1. Out of Ala292, Ala269, which single residue is outside the structural domain of Trp30 (by TED's automatic domain parsing) and open to solvent by less than 30 Å² (accessible area, probe 1.4 Å)?
2. Would you point out which residue out of Tyr259, Tyr224 is within 11 Å of the ligand (Cβ to nearest atom), touching a strand residue (DSSP E or B) at 6+ places or on another chain (Cβ under 9 Å) and either in contact (Cβ under 8 Å) with a residue 24 or more places away in the chain or not aliphatic (A, V, I, L, M) (or both)?
3. Please work out if Ser352 is surrounded by 22 or more Cβ atoms within 10 Å (Cβ to Cβ), more than 16 Å from the ligand (Cβ to nearest atom) and either in the same structural domain as Leu93 (by TED's automatic domain parsing) or not basic (Lys, Arg) (or both).
4. Can you name every residue in segment 73-90 that is touching a Ser or Thr at 6+ places or on another chain (Cβ under 9 Å) and either within 17 Å of Leu8 (Cα to Cα) or assigned by TED's automatic domain parsing to the domain that holds Glu329 (or both)?
5. Against the definition (assigned to a strand (DSSP E or B) and of a type outside the set (Asp, Glu)), how does Lys310 come out, yes or no?
6. One residue is enough: does segment 185-197 have a residue meeting the conditions charged (D, E, K, R), open to solvent by 40 Å² or more (accessible area, probe 1.4 Å) and farther than 15 Å from Met238 by Cα?
7. Kindly evaluate Lys148 against the criterion of being more than 16 Å from the ligand (Cβ to nearest atom), touching a residue at least 12 places away in the same chain (Cβ under 8 Å) and over 19 Å from the mean Cα position of the chain (by Cα).
8. Filtering segment 262-290 down to residues that are within 14 Å of the ligand (Cβ to nearest atom) and β-branched (Val, Ile, Thr), which residue is nearest to Ile134 (Cα to Cα)?
Amino acid sequence: MVDGVLQLVCECKHDPWGKLGKDSLAGRLWSHMPNAGELNDSETYSEMWMGTYPTVPSRVRATGESLLEHLKKNPDLVGESVCSRYGPDIPFLPKILSFAKALPLQIHPDKKLAEQLHEKNPEKFGDTNHKPEIAIALSRFEAFVGFKRLGEIAELMRLKPLEAFVPEHKNFDDEVLRQLCTKLLSLPPETVSKTVTELQNSPLSDFGNDYRIPSLLRRLDEQYSKSDNGILVATILMNYMILEPGEALCVPADSIHAYLSGDIMECMARSDNVLNTGFCPRPDRDDVELFAQALTFRPHSPEESILLKKTSQIGLKGRSTEYAPPFSEFNVLGVNLSPQEAEAHRIIESPSIVVVTQGSGTMNVGDGSVHHIKEGNVYFAARDAELKFSTDKGLTLYRAYATF
Ligand SMILES: [Zn+2]
């Protein structure tokens with residue numbers, strides 16, 4: 001019989017925006033992998049990827065085989081309903097991200113655009129799939145996500161340094177916002193820099209409810225440069241949000257976002273396509289027209305960006321939180337146990353990936369096997385795995401699973 005629960009060895013990336021050394025949760029979790037070694041305090045640890053994506057694949061710890069190869073040989077582990085849609089694979093990609101400064105201002109193309117981009121430039125856009133994503137805060141998490149309400153943007157665009165950029169219009173609607181966004185992303189560096197300086201010199205009272213804008217301008221200016229077009233788009237057009245641990249964001253395909261600081265568990269459809277326009281070197285930026293044409297205008301308020309959570313029916317003791325985005329492919333369960341507590345998950349009937357983010361405990365599998373689990377351990381669980389979790393000292397884990 002093939003084991004239904006497999007411990008994985010995952011890899012960590014080192015993007016320049018990642019947190020350094022032990023400050024990085026991604027790094028700390030990854031440091032428990034065999035052969036990870038000591039964390040280097042002058043190195044960034046940005047993303048730990050868990051799953052089958054070919055550029056950063058996870059391996060089965062016991063054999064060293066790639067998880068994807070293992071699933072190809074044992075398709076029953078993922079089951080018929082996944083195989084018929086996606087092949088013997090995991091249709092989602094969970095990651096732990098730790099970032100000390102803004103990630104590139106980005107969108108992830110929808111399926112139709114992904115197909116077009118892949119056809120034109122398969123090297124850069126390796127996937128034909130969409131990439132909606134969710135982000136669950138593991139520490140205090142700051143993000144720019146979606147657009148502010150139109151009225152709020154119109155109000156801010158009346159500020160002296162900005163008024164010249166507003167396109168001619170009768171009604172300030174989403175199409176005018178698309179033009180405005182294109183305009184701000186296309187401004188020459190000197191104009192961006194001059195505008196940012198003028199905004200920084202404006203009295204705080206000019207910003208009304210958006211009183212955080214001057215301090216955000218200062219931080220982004222220090223992180224990148226005053227002439228980065230992303231600064232104006234993020235601070236003036238987008239919602240700035242702070243999430244506490246356990247709270248989550250939902251980012252549909254084509255929706256604008258730039259995460260600013262924190263540690264998160266991210267889960268996305270299995271794709272690595274991205275269009276970047278700010279907070280990255282100019283040569284790395286994608287075409288502004290293409291970016292602006294693809295933009296959606298949902299979410300259009302902070303409330304719309306929040307992914308509501310509920311108690312999951314999968315948790316038999318009511319101690320599992322369900323993060324269920326309104327798109328298919330995956331949901332995520334969060335299990336947060338105090339000392340001496342336990343939780344049991346009924347059989348989900350689809351493949352899942354479990355990552356322990358805090359504490360330690362025991363995971364009992366329905367086939368009788370017992371795993372002592374602790375922070376940084378990552379497991380693949382087959383569709384028919386029945387899992388029970390218990391802890392003496394406290395335990396937090398996340399379990400992403402395929403949905404249909
Ligand atoms: Zn993203």
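The values are calculated or read from the model by the stated rules, or taken from the named source; none is laboratory data. Keep in mind it's a predicted model, so treat the numbers as computed, not measured. Here the Cβ positions follow ideal geometry from the backbone for every residue, glycine too, while neighbour counts run over all protein chains shown. Side chains included, ligands, DNA and RNA excluded: accessible areas come from the protein's heavy atoms. Shrake-Rupley method; radii C 1.70, N 1.55, O 1.52, S 1.80 Å.
1. On the way: Ala269 fails: outside the structural domain of Trp30 (by TED's automatic domain parsing).
Every option except Ala292 fails the conditions.
2. Details: Tyr224 fails: within 11 Å of the ligand (Cβ to nearest atom).
From the options Tyr259, Tyr224, the qualifying one is Tyr259.
3. On the way: surrounded by 22 or more Cβ atoms within 10 Å (Cβ to Cβ): yes; more than 16 Å from the ligand (Cβ to nearest atom): yes; either in the same structural domain as Leu93 (by TED's automatic domain parsing) or not basic (Lys, Arg) (or both): yes.
Here the answer is yes, as Ser352 does meet what is asked.
4. Val78, Asp89, Ile90
5. On the way: assigned to a strand (DSSP E or B): yes; of a type outside the set (Asp, Glu): yes.
Yes, satisfied.
6. So in segment 185-197, the residues charged (D, E, K, R) come out as 190, 194.
Checking the rest, the ones that are also open to solvent by 40 Å² or more (accessible area, probe 1.4 Å) come to 190, 194.
Still in the running and farther than 15 Å from Met238 by Cα: 190, 194.
Taking every residue of segment 185-197 in turn, at least one turns out to be charged (D, E, K, R), open to solvent by 40 Å² or more (accessible area, probe 1.4 Å) and farther than 15 Å from Met238 by Cα.
7. Values: more than 16 Å from the ligand (Cβ to nearest atom): yes; touching a residue at least 12 places away in the same chain (Cβ under 8 Å): yes; over 19 Å from the mean Cα position of the chain (by Cα): yes.
Against the criterion (more than 16 Å from the ligand (Cβ to nearest atom), touching a residue at least 12 places away in the same chain (Cβ under 8 Å) and over 19 Å from the mean Cα position of the chain (by Cα)), Lys148 qualifies.
8. Ile264
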